[in-house]
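To start, the structure under review is shown below, and the notes come after it.
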Amino acid sequence: MNLKKFYNTKVNIITNTGMKFDGVVTDYFHPDENETGKESIVIDSSNGSAIEFYEDDIKEIENFDANLA
C-alpha cells in the first residue's frame, strides 16, 4: 500500500469497519520490522491517542495536508 509516503503528514483514515480517524503519522514500520510481516503506520490522533494501523486494516487514507487551501 506504500504507507511510507504518509510519514509526518496529517491524514484521514477510514478503516475496513468504517471507523474514521485523523491525525499526524508519527511512525512508519516496514513489513520486515513487524512480526505480522505487514506494513503499518502510527498516528497521533486528534484526541491524543497513538493508534497503529496495519495496511490491511485501512480502506481509505487521504493526506489531509494536501486538502488545506
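Coordinate-derived values only; no laboratory data. Nothing here was measured: the structure is a model prediction, and the numbers come from that model.
Numbers below:
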{"quantity": "Amide H contacts of Thr9 (H built 1.01 Å from N, under 5 Å, at least 5 apart or other chain)", "calculated": "Val25"}
{"quantity": "Reachable aspartates and glutamates, given that their alpha-carbon falls under 17 Å from the alpha-carbon of Lys38 and they are not under 8 places away in the same chain", "calculated": "Asp27, Glu52, Glu55, Asp56, Asp57, Glu60"}
{"quantity": "Contour minus Cα-Cα distance for Asp56 and Thr26 (0.36 nm per residue)", "calculated": "8.9 nm"}
{"quantity": "The chain: proportion of alpha-carbon pairs further apart than 18 angstrom, %", "calculated": "30 percent"}
{"quantity": "From phi via Karplus (6.51, -1.76, 1.60), per-residue ³J(HN,Hα) for the stretch 31-37 in Hz, x at Gly/Pro", "calculated": "x, 5, 8, 9, 4, 6, x"}
{"quantity": "Over the chain, relative contact order from alpha-carbon pairs under 8 Å, at least 6 apart, %", "calculated": "35 percent"}
